[in-house]
Amino acid sequence: MKIKKIAALGAAVGLLLSGVSIASTASAEPVSNSYVAVGSDTLQDAMNALTNGSSASGSYVRVLADGKSIGNFDAFGSAAIQAKSNGPFFARPNGSGAGRDALRRSIDGGNWSVSGNVTPARSITGQVDIARSSGGPGASANADGRLLYVPFARDAVAYAYKGGTAAWATLSASQLKGIYEGTITSIDGVTVKPRLPQTSSGTRTFFLNAIQVTTPSGVADATNTTVPENDATVLGDGEIIPFSAGSWIAQANNVAGVNTVAAASAVQLGSPVAGAAPFTGTAPSLVANASYYSNTTFGRDTYLIVERARVQSTFTYTGAAAYDPVLANLVNSSSLTSLTNFGNSPLAPGSVKRKFGFLAPSSTTPIAAYAQG
């Protein structure tokens with residue numbers, strides 16, 4: 001989803017908290033004077049709110065890094081970004097997979113590029129500190145891994161559709177599998193056209209795994225690198241696409257940077273979980289449905305990925321980065337000044353994330369991954 005960042009307001013050490021509601025305005029992406037986060041579209045709006053400042057919870061909340069602002073770069077926008085002062089311009093990481101890989105190149109010094117992006121490949125050593133990921137490491141989990149996936153929040157994946165009939169609102173996982181494998185071409189007498197977001201999208205990967213599709217068939221843009229995720233306006237009549245429940249809620253509640261849900265009034269969010277809708281209530285007061293989010297097939301934890309040696313002082317290896325207590329605090333879920341905190345107080349980052357359609361993660365235990373960096 002193409003989102004403009006809300007402006008950074010105020011300054012403080014750690015977390016800026018106030019009982020006064022402060023409005024936000026749109027602005028260009030800043031060059032960070034501390035840490036840089038890139039990657040998942042699904043997490044970017046909540047991270048924008050936390051890093052730039054938000055009154056979504058009823059109190060003003062902003063997470064800072066020892067008094068300095070955090071640069072949170074959207075998944076879509078200009079082809080190239082400059083993340084840090086005097087740093088190189090490099091291809092924007094657009095999605096969970098790209099964010100993770102950009103972090104790895106920032107650590108190991110390898111050249112970074114994005115397929116289909118005209119920005120030349122170049123070294124981005126030290127330019128990325130945090131990768132937003134809408135999924136876990138999967139088979140890459142490794143006790144000796146040099147990356148650490150720190151739980152951020154609980155999300156769920158559903159599907160958005162345009163047109164169709166009442167039967168389209170509750171398609172089962174097996175029906176979705178047939179649609180994305182090309183064996184089901186119509187539902188209730190209406191032709192269905194499957195769509196997918198860009199190939200680096202964590203939501204795309206999660207959805208296909210959930211419906212047990214290895215190779216999509218009949219999907220016109222199956223190899224695309226440009227279709228944004230969580231953008232209701234990309235759908236034409238009879239089309240269907242995976243969609244983050246959290247992003248739908250945030251947009252419908254009008255707390256995200258852009259409301260594509262309102263801009264695409266004929267698009268609806270369907271539920272593949274029998275007897276459970278992704279949300280309850282009516283906009284602009286939608287609330288995540290815990291029974292949907294807890295589903296083991298379509299519910300998912302989301303993560304912030306960091307270099308493990310920088311946040312765990314006990315983890316070292318030859319050439320490892322130095323332990324960084326400020327970055328460590330930013331991913332310490334027990335700290336009120338942490339991006340991963342999920343406290344219930346209106347002054348806690350977790351309260352902001354709830355307004356963006358997230359629930360507390362199923363676990364706060366970080367997962368190590370990628371033994372080679």
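The values are calculated or read from the model by the stated rules, or taken from the named source; none is laboratory data. Note that the structure is a prediction, hence the values are computed from the model and not measured. As a convention, Cβ positions derive from the backbone with ideal geometry for all residues, glycine included, and neighbour counts pool all protein chains shown. For accessibility, only protein heavy atoms count, side chains too; no ligands or nucleic acids. Shrake-Rupley method; radii C 1.70, N 1.55, O 1.52, S 1.80 Å.
Do any residues in segment 236-264 that are closer than 24 Å to residue 52 by Cβ and touching a residue at least 24 places away in the same chain (Cβ under 8 Å) have Cβ atoms under 8 Å from those of residues that are of a type in the set (Ser, Thr, Tyr) and in a loop (DSSP other than H, G, I, E, B), where the two are at least six apart or on different chains, and which pairs are they?
244/134; 253/285
Residue-by-condition table, conditions (1) at pLDDT 95 or above; (2) within 15 Å of the chain's Cα centre (by Cα); (3) over 30 Å from residue 105 (Cα atoms):
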| position | (1), (2), (3) |
| --- | --- |
| 156 | yes, yes, no |
| 189 | yes, no, yes |
| 193 | yes, no, yes |
| 200 | no, yes, no |
| 230 | yes, yes, no |
| 234 | yes, no, yes |
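Residue 343: in a loop (DSSP other than H, G, I, E, B), free of Cβ contacts under 8 Å to residues at least 12 places away in the same chain and open to solvent by less than 60 Å² (accessible area, probe 1.4 Å), yes or no?
Taking the combined requirement at face value, the residue satisfies it.
Give me the pairs: first residue in segment 183-194 and farther than 16 Å from residue 242 by Cβ and in contact (Cβ under 8 Å) with a residue 12 or more places away in the chain, second residue open to solvent by 80 Å² or more (accessible area, probe 1.4 Å) and part of a strand (DSSP E or B), beta-carbon distance under 8 Å, and six or more apart or on different chains, which are they?
Pairs that qualify, where the first residue is farther than 16 Å from residue 242 by Cβ and in contact (Cβ under 8 Å) with a residue 12 or more places away in the chain and the partner is open to solvent by 80 Å² or more (accessible area, probe 1.4 Å) and part of a strand (DSSP E or B), are 185/191.
Just to be sure, is residue 354 open to solvent by 30 Å² or more (accessible area, probe 1.4 Å) and within 24 Å of residue 126 (Cα to Cα)?
No; evaluated as a whole, the condition is false for this residue.
Among the candidates 69, 78, which residue alone is surrounded by fewer than 24 Cβ atoms within 10 Å (Cβ to Cβ), in contact with a helix residue (DSSP H, G or I) (Cβ under 9 Å, 6 or more places away or on another chain), on the phi < 0 side of the Ramachandran plot and touching a residue at least 12 places away in the same chain (Cβ under 8 Å)?
That would be 69, the only listed residue that is surrounded by fewer than 24 Cβ atoms within 10 Å (Cβ to Cβ), in contact with a helix residue (DSSP H, G or I) (Cβ under 9 Å, 6 or more places away or on another chain), on the phi < 0 side of the Ramachandran plot and touching a residue at least 12 places away in the same chain (Cβ under 8 Å).
Closer than 28 Å to residue 245 by Cβ, modelled with pLDDT of 95 or more and assigned to a loop (DSSP other than H, G, I, E, B): does that describe residue 101?
no
Would you check if residue 253 is at pLDDT 95 or above and of a type in the set (S, T, N, Q)?
no
Return the total of residues in segment 109-131 being of a type in the set (S, T, N, Q) and in a strand (DSSP E or B).
2
Kindly provide the set of residues from segment 201-219 that are in a loop (DSSP other than H, G, I, E, B) and either open to solvent by 30 Å² or more (accessible area, probe 1.4 Å) or on the phi > 0 side of the Ramachandran plot (or both), ordered by number.
Across segment 201-219, the qualifying residues are 212, 214, 215, 216, 217, 218.
Show me the helices (runs of 4 or more DSSP H) entirely contained within segment 231-306 in which 3 or more residues are of a type in the set (A, V, I, L, M, F, W, C) and surrounded by 15 or more Cβ atoms within 10 Å (Cβ to Cβ).
245-252
Output yes when any residue across segment 365-373 is in a loop (DSSP other than H, G, I, E, B), in contact with a helix residue (DSSP H, G or I) (Cβ under 8 Å, 6 or more places away or on another chain) and more than 27 Å from residue 41 (Cβ to Cβ), and no when none is.
There is no residue in segment 365-373 that is in a loop (DSSP other than H, G, I, E, B), in contact with a helix residue (DSSP H, G or I) (Cβ under 8 Å, 6 or more places away or on another chain) and more than 27 Å from residue 41 (Cβ to Cβ).
Please enumerate the residues belonging to segment 58-80 that are within 30 Å of residue 348 (Cα to Cα), of a type outside the set (Ser, Thr, Tyr), in a strand (DSSP E or B) and in contact with a strand residue (DSSP E or B) (Cβ under 7 Å, 6 or more places away or on another chain).
Answer for segment 58-80, where residues must be within 30 Å of residue 348 (Cα to Cα), of a type outside the set (Ser, Thr, Tyr), in a strand (DSSP E or B) and in contact with a strand residue (DSSP E or B) (Cβ under 7 Å, 6 or more places away or on another chain): 61, 62, 63, 71, 72.
Return the residue satisfying two criteria in turn: it lies in segment 146-198 and is part of a loop (DSSP other than H, G, I, E, B) and open to solvent by 60 Å² or more (accessible area, probe 1.4 Å), and of such residues it is farthest from residue 334 (Cα to Cα).
189
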